[in-house]
Amino acid sequence: MQDNTPEYDAEDDFDRPSKSQLKRDMTALQKLGDDLLALPESRWEPLALPEILYDALKAAKKITNFEGKRRQMQYIGKLMRKIDAEPVREAVAAFKLGHAQDSLRLHQSERWRERLLASDDALQEFLNAHADVDIQQLRNLVRAARKDAANVPEKRSGRAFRELFQFIKASEAPEEAAEPADEDADE
């Protein structure tokens, strides 16, 4: 029997990536270009993108045809090969993280509203967690929202219900967002 397997020398050159790996890399850059397209244009400026890539992204925003959009995204992926993609990845990740944090804050506010409407103990817990809120206004909002819920139990969209949510959301706002507003009031 004859062995048809080729013999490999240690000197054979296998240092370059495979064709499949190159395709995966190109697809990843195209996906990154798609994520970059989802960012607002104001987030593109700090990335110092080349003019040709910037123009291609602006053109892609205007294309509505599926095939045209697909080709434009391939072109953007090709242009992305020529730049350092790491700052773009970081910008996209930071943008997505910001949206996730905003969503988490809204869900926390919703949970507080549910708890405040369910029991009086939650009111004291909320006051302990948020010492700087207007206690009287919070109690009035909770009382009014409970009254709305008692009048129409299946409808949970009364004015007091919404106002309570807005009050909680404002008290849960991150500290750094509240500081610039205070500075404007001092001027």
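Structure values in brief
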read-out	value
Filter result for ALA173 (at pLDDT below 60 and farther than 14 Å from ARG113 by Cα)	no
Of residues in the range 1-42 being part of a loop (DSSP other than H, G, I, E, B) and of a type in the set (Ser, Thr, Tyr), the one modelled with the highest pLDDT	SER18
Positions within the range 51-75 being under 16 Å from ALA91 (Cα atoms) and not hydrophobic (A, V, I, L, M, F, W, C), in sequence order	TYR54
Helices (runs of 4 or more DSSP H) within the range 56-150 that include 3 or more residues within 30 Å of GLU163 (Cβ to Cβ)	86-118, 120-129
Scan of the range 60-108 for residues that are at pLDDT 90 or above, among the small types (Gly, Ala, Ser) and loosely packed, with under 14 Cβ neighbours inside 10 Å, ordered by number	GLY68
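The values are calculated or read from the model by the stated rules, or taken from the named source; none is laboratory data. Being a predicted model, the structure only gives us computed values, none of them experimental. FYI the Cβ positions are ideal-geometry reconstructions off the backbone, even for glycines, and counts take in every protein chain you see.
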